[in-house]
Number of protein chains: 2
Amino acid sequence: MDHRGTRDVADAKVSSSPAISEHPESRPMRADAMRNHEKILRAAEEIFALDGVMVPIDIVAERAGVGIGTLYRHFPTKEALYDEIVSTRLRALIDTAQTCAKDPIALEGMCTFLHTFALQASEKQDLFDALGQAGIDIKARFSDMLDELTSCMDTMRQRSVEAGAIRDDVETKDILNLVMGSCHAAGYDGDNGASLERLVDIVLTGIKTPD
Amino acid sequence: MDHRGTRDVADAKVSSSPAISEHPESRPMRADAMRNHEKILRAAEEIFALDGVMVPIDIVAERAGVGIGTLYRHFPTKEALYDEIVSTRLRALIDTAQTCAKDPIALEGMCTFLHTFALQASEKQDLFDALGQAGIDIKARFSDMLDELTSCMDTMRQRSVEAGAIRDDVETKDILNLVMGSCHAAGYDGDNGASLERLVDIVLTGIKTPD
DNA sequence: CTTAAATCGGAACTACGGTTCCGGATACAA
DNA sequence: TTGTATCCGGAACCGTAGTTCCGATTTAAG
């Protein structure tokens, strides 16, 4: 026992160059605009991670050192901004999942992934929100990515079951929600990392086949 | 394995007689007023259970067949109404916990309680909200009851540990949050009961001492 | 039946968060 | 340097949810 890992993965930066690609014909975005776009993204990343989806939009603008109007020029909607951030994070998580799903030792991959997953969800409040809490509609927004993620996890689960490593009567989504519960537990104590690892291990113990 | 139970407990009715006790001197509450008080409480119970804390207050009034003004006459605040409902439910849960804490077989009591707890939290959305989600401030409102509940659970946990039945490195609050995670999982599928039992069992397996 | 106190109902007020709009400022090509 | 297309800022607007207020209605005592 002791499946730490958390690898390097899943801490990608939100980037993309809005200057180009939008309308290949027109002039590139003005320098100050690009700078602001970046500042907003940066601020949103920090604030959403800390306070989640519920934070008022003007807080983000303020933090970015930018007016509300400017923010809305770059992102037509609060949701649009939120999407940008969360989908990037989800994308990174999916990449991790895909890697883990290929681990020669199925259970090993599962453990690694769940720990990474838990860490990310507890560090990034927005991700956490998107993954479970909040409105159902928010979930719908990322449904395709969610499906992709779930399907990766299902691969891990199935392979582990076939290897006789975990119980065959547990659904993938159950595992996911159990881990989310762990995040919730660890989150509200300011209790960083330490206990989260332990909780995830409890869940893992629970889904393993009894020796 | 198969610790069902869910006993009879924990389904108490919200009651109390507002007519008396308020001002022992003054006249008793008018008949229609008492009827309305009751109707409001009844409606709130149903709606909060179904939709949680977030439901607009006028929905409750409407359901009770009463004007908003009337509702506010009886409960000066949305929170007041919410308090009434949730604290009654919490009280019932504490009673169950106290009973379970006395079970001669410590682990048995723990299992019974956790299943009851999970069932209640998943059936009564408001209880669920109060216990975890939502704002931290809501939690603060019931802090003394929460403490009482936690202390009961801690008794169970400690006795189980002493009996060598469960791991000694798990905190009470961890257990609670793990179970909440289960509720969350079961809740959003309209998946009633069946899978919830299974999830709680997973958690229980996870916290037991390896054979 | 009369009448005053208690209660009812819902329009209106308040606070808050998202979004729009437009006069003024800025970048940058000519 | 100048002109203009682009961008900035934040006041104002809108919808939503909680709460207050007061004229209309009802209870029940005399």
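Below are the figures for this structure:
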| read-out | value |
| --- | --- |
| Extension gain, B:Asp154 back to B:Arg63 (0.36 nm per residue minus Cα-Cα distance, nm) | 28.8 nm |
| Alpha-carbon centroids, the range A:48-62 and the range B:25-93: separation in whole Å | 34 Å |
| Viscosity 1.002 mPa s, 20 °C: Kirkwood-radius Stokes-Einstein D of the range A:33-125 over Cα pairs, µm²/s | 148 µm²/s |
| Proximal charge balance of A:Glu148 [Cβ under 11 Å; K/R count +1, D/E count -1] | -3 |
| Ratio of Rg to Rh over the range B:57-202 (Cα coordinates, Kirkwood Rh, two decimals) | 1.04 |
| Cβ neighbours within 10 Å from other chains - mean over B:28-35 | 0 |
| Average beta-carbon neighbours from other chains, 10 Å sphere, peptide A:203-211 | 4 |
| Relative intensity, log₁₀ I(q)/I(0), of the range A:47-95 from a Debye sum that treats every alpha carbon as a point, q = 0.29 Å⁻¹ | -1.15 |
| Ascending list, in nanometres, of distances separating the A:Lys102 label from those of the other copies (7 Å, Cα toward Cβ) | 6.1 |
| Shortest-first nm distances, A:Asp169 label point to equivalent points in other copies (7 Å, Cα→Cβ) | 2.8 |
| Debye equation applied to the C-alpha atoms of the range B:78-155, log10 I(q)/I(0) at 0.14, 0.17 Å⁻¹ | -0.44, -0.64 |
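Quick note: the coordinates plus some simple rules give every number you see, no bench work behind them. All of these numbers come straight from a predicted model, not from anything done at the bench. Every residue, glycine as well, gets a Cβ built from its backbone with ideal geometry; the counts of neighbours run over all protein chains shown.
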